[in-house]
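The values are calculated or read from the model by the stated rules, or taken from the named source; none is laboratory data. Since this is a predicted model, take the numbers as computed values, not measurements. Backbone-built Cβ (ideal geometry, glycine too); neighbour counts: all protein chains shown. To get the accessible areas, we keep the full protein, side chains included, count just its heavy atoms, and leave off ligands, DNA and RNA. Shrake-Rupley method; radii C 1.70, N 1.55, O 1.52, S 1.80 Å.
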Amino acid sequence: MQSIWRDSIVYSFAIILHRSLNFILVLLFVSGLSKANYGTYELYISILTFSSLIIALELAQGCGRLINEVNSLQKNMIFSMSFYTIIFLGLAFLTISSFGLLDSLWFYLFSEKIKISPLFYAIVNIPFFALFTFLQIQLRWEFRRFAYLVSSLLPLFLFLLFTLYLVIFLELSLSLLFLGNLIMNVLGCLISIYLLRTRFTLNFDFSLYKKILNFSLPFIPASILLIAILITDRFMLDWFLDRSQVGEYSFAYRISNIAVLTFAGIQSALSPLIMKYHDSLNFRKEFNNILHIFLTYSHIFLFGLLLLIPSFLNYFSTFQAYESSLVVLIYLIPALFLSQIYIFLPGPVIAKKTSVYIYVNLISFLANICLNFFLIPRFGLVGAAISTLITYVVSISLLLIFSRNFFMPSVKKSFFVILLACWLLIFLLWLMPGVHIYSFSLFNRSLLYLIFSIIIIKASGFSPSSFIQSLKNFIYGQGS
């Protein structure tokens, strides 16, 4: 069995560094762009993500599910057929755009603020992003750890240097950002294609291709709905309020996205291993141990983030312009954490009942629309953040209900109650009138953080040594 410990370390390093670079980029964006322009850029990123999903058809999911069930030649065919499909659909997207069928979308997004040439960069970037995402996932499915590391980080690092140069020596603009994004994704595609060059073949098997589509296609409506949930708040803020509010909310969202670092490594390493070893005798027991360990140390990180991040942000003068977005962190940080917890609910994927995700995401999307419609006009940014948190609570609750007959992890009731109590206390400290924990001194917040950490570790029963031992049991207990 591939070592989850080794994989997690490599993937954690890659993901933490990747998100750290993105965090620096966000600080550069808000220092070089107006709130309205940054809001426009974030809306473009939302459209980029949505469009690339349509182009890629979630074929990476089919590749990942089938790659351990076929021989070497068939692996090459699975990859090649998916790769060429994405190329074809990317060209189809560019053709549709060139005939002006998407002009109303671009006019809504950019109005008169952008010239034809940079708009060309923004449009061409979309299929390259879709292809790069597929290639990255393929490297992950194949446990190509260091190839994944190089191909994901090098383009992003160069884009960071490009953006830093613009901020210091020239002037940051939307036009140049689109050009930088395009260069980054083209370079990423070229590097990944070179690393996967032995996978390419002109041999096709249409019965195998049908299997890929049968597994992947149900993910498309589910993923579309998931992305719609992610971007609805931004577009409704733009509708009810204005583009600058989109920029302010997006900044808080990006800061809160650090919460996803709690999944660094474990998500990338665990997904392929679940696919491969879910039939093993001791899998359920060791999976539950990993879940308890994850909940322990992820919550230590999350509470540290909520208690200490305001002091860090105050060191950046650019943050002062976004001061009113601080209060939404208490809603967005747990929301984004919940948005990723599906990795520990793999039942529908194991049972190949992927249509479950369609129902879950459809209900969550409708809930998100309704919540945003009622809360944004009344509470502005805070309303959008509250609706996001409630939406993900609904989503995870539904996934728990639908997964109960397939594969359900278990958490000790006492530990679960302690975690809920800690969350309740954190919310009270942030939101009670006259308290406002983020205005406390750094020493007092650090002391409070230490108390929270001790309580969580004691409740979980996992010390650092037992953490390492449980990982070893999971690695070696599944067999080779």
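Per residue, how much accessible area does region 187-244 have with a 1.4 Å probe, in Å²?
I get 50 Å² per residue for this part.
Using 30 Å as the Cα-Cα cut-off, could you pick out the over-long pairs in K211/K413; K75/K412; K211/K412; K285/K458?
Pairs exceeding 30 Å: K211/K413; K75/K412; K211/K412.
Answer rounded, prolate or oblate for region 377-429, using the Cα gyration tensor with square roots of eigenvalues a ≥ b ≥ c: rounded when a/c is under 1.5, else prolate when a/b is larger than b/c, else oblate.
oblate
Pull out the extension gain between I45 and S244, defined as 0.36 nm times the separation in residues minus the alpha carbon to alpha carbon distance; nm, one decimal.
That works out to 70.1 nm of additional length.
For a quick protection proxy, order the peptides 295-308, 153-166 by their average other-Cβ count within 10 Å, most packed first.
In descending order of packing, they fall as 295-308, 153-166.
With θ set to phi - 60° and the Karplus curve 6.51 cos²θ - 1.76 cosθ + 1.60, what are the ³J(HN,Hα) couplings of region 55-60 in order, to the nearest whole Hz, using x for Gly and Pro?
Going residue by residue, I get 5, 7, 6, 6, 5, 4 Hz, with x marking Gly and Pro.
Starting with the highest mean, order 122-134, 393-405 by the number of other Cβ atoms within 10 Å, averaged over the residues of each peptide.
122-134, 393-405
Need one word for region 96-244: rounded, prolate or oblate. Basis is the Cα gyration tensor (sqrt eigenvalues a ≥ b ≥ c); a/c below 1.5 gives rounded, then a/b vs b/c decides.
Oblate.
Hey, got a sec? Which GluC sites (Glu not before Pro) in region 39-145 land in a DSSP loop and have at most 16 other Cβ atoms within 10 Å?
E69, E112
Can you work out the accessible area per residue across region 71-149, with the rest of the protein chains kept in place, probe 1.4 Å, in square angstrom?
For region 71-149, the per-residue accessible area is 49 Å².
Ordered by residue, what ³J(HN,Hα) values in Hz, to whole numbers, does region 134-143 give under the Karplus form 6.51 cos²θ - 1.76 cosθ + 1.60, where θ = phi - 60° and Gly and Pro are x?
4, 5, 5, 5, 4, 4, 5, 4, 8, 6
Using 0.36 nm per residue, how much length does the chain from Y194 to L208 gain when fully extended, once their Cα-Cα distance is taken away?
Result for the pair: 2.6 nm of gain on full extension.
Give, in nm to one decimal, the length gained when the segment between S111 and W423 is fully stretched (0.36 nm per residue of separation minus the Cα-Cα distance).
108.0 nm
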